[in-house]
1. Scan the range 174-181 and tell me whether some residue there is assigned to a strand (DSSP E or B), charged (D, E, K, R) and in contact with a Gly (Cβ under 8 Å, 6 or more places away or on another chain).
2. State the number of residues belonging to the range 67-97 that are among the charged types (D, E, K, R) and within 23 Å of the chain's Cα centre (by Cα).
3. Give me the strands (runs of 3 or more DSSP E) completely within the range 75-160, filtered to those with at least 1 residues that are more than 22 Å from ILE64 (Cα to Cα), ordered by residue number.
4. If ASP209 satisfies every condition in (1) surrounded by 14 or more Cβ atoms within 10 Å (Cβ to Cβ); (2) more than 20 Å from ALA285 (Cβ to Cβ); (3) at pLDDT below 95 but one, which is the exception?
5. Please tell me if SER53 is under 14 Å from GLY88 (Cβ atoms), surrounded by 15 or more Cβ atoms within 10 Å (Cβ to Cβ) and either touching a Phe, Trp or Tyr at 6+ places or on another chain (Cβ under 6 Å) or among the small types (Gly, Ala, Ser) (or both).
6. Working carefully through the options VAL174, VAL148, find the one that is in the same structural domain as ARG204 (by TED's automatic domain parsing) and within 23 Å of CYS290 (Cβ to Cβ).
7. Does GLY323 qualify as being out of contact with any Asp or Glu (no Cβ under 7 Å at 6 or more places or on another chain) and in a helix (DSSP H, G or I)?
8. Tell me which of these GLY339 doesn't satisfy, since it passes every other one: (1) under 15 Å from the mean Cα position of the chain (by Cα); (2) on the phi > 0 side of the Ramachandran plot; (3) surrounded by fewer than 21 Cβ atoms within 10 Å (Cβ to Cβ).
Amino acid sequence: MSEKDILILAIESSCDETAAAVVRNGREVLSNVISSQIELHKLYGGVVPEIASRKHIEKINQVIEEALAVAGVSLDDLDAVAVTYGPGLVGALLVGVAEAKAISYAKKLPLVGVHHIEGHISANYIENKDLEPPFICLVVSGGHTHLVRVKDYGEYEILGRTRDDAAGEAFDKVARAIGLGYPGGPKIDQLAKEGDPDAIAFPRGKIDDSPYDFSFSGLKSAVLNYLNGCQMKGEPVIRANVAASFQKSVTDVLVEHAMMAVRESGLNKLAIAGGVASNGALRAAMEEACAENGIRFYRPSPILCTDNAAMIGAAAYYEYIKGVRHGLDLNAVPNLKLGER
């Protein structure tokens, strides 16, 4: 390794994935280990915060040891340790934050706290070596739907956000309503392939005074009303058509808002990020819209869309070289806003 290489151990535990990664110079992933709890939470139809926290405590040391082993480095080779400190489930976040602080203290390593959404945005830097700010990024996950202008590394302007449900939340609720279970996003994506996306005319949520904002609760209610109507009339429900029509309604809104933001910002680069960004229909629709409008489109591989630590390491690198450091008083901030320090 040359003098200027920066090696960061990154830790992510904001929800139900315990993850650790070693990232070199922000874009080169030497290891990316993820221990998922999905099978455990399936039993309950969603993430149970207390169970998630306990599982993180069980797994975190093993995951970090594996990340170091796969990368072929030890704690002594590191330049910094980074960790997600918000937003997320407070108990889950605390496990990662406590672990990172312990390593920082024991090894006298700089500590860099990272915003979870900034991590998702930064996942795009890993596979797209040519991508640099400024660009527009659509962040769609279980807890967040944000349309963001990335002005520079670590500098963001939120153009639009959801007023109610996040897109991923709507996927989970609709999946539950049609009997698919948890996690809803991948199951709807799969089932929708067998359905007709134009079979049912579900609404597209719009907010008149804020054209970039999103609303998905009306759509969710429309799906539930449709299902209830079928039940009352004794009509059969074609689940694949419900899934495909619902997914198209979400995708249409996301694509339309993203295209408008790119056009009006004068930037010709669009990236997507977050768990829902791994949705096949959304990726295809975005790709098509970008091709038609001459916009350069960036998307992380599906494994980098869902929660992982490599994206936290990418974000941390740009914070680190700017001189951002956190003390041992770093705390979990479950409702941390993007751009807050």
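The values are calculated or read from the model by the stated rules, or taken from the named source; none is laboratory data. Note that the structure is predicted; figures quoted are calculated from it, not measured. No Cβ is skipped: glycine too gets one built from the backbone with ideal geometry, and neighbour counts run over all protein chains shown.
1. No, there is no match, as no residue in the range 174-181 is assigned to a strand (DSSP E or B), charged (D, E, K, R) and in contact with a Gly (Cβ under 8 Å, 6 or more places away or on another chain).
2. Within the range 67-97, the subset among the charged types (D, E, K, R) is 76-77, 79.
Then keep just the ones that are within 23 Å of the chain's Cα centre (by Cα); that gives none.
Selection size over the range 67-97: 0.
3. In the range 75-160, the matching strands (runs of 3 or more DSSP E) lie at 135-140, 145-152.
4. Here ASP209 clears every test but (1).
5. Criteria met by SER53.
6. Working: VAL174 fails: within 23 Å of CYS290 (Cβ to Cβ).
After ruling out the rest, the residue left standing is VAL148.
7. no
8. (1)
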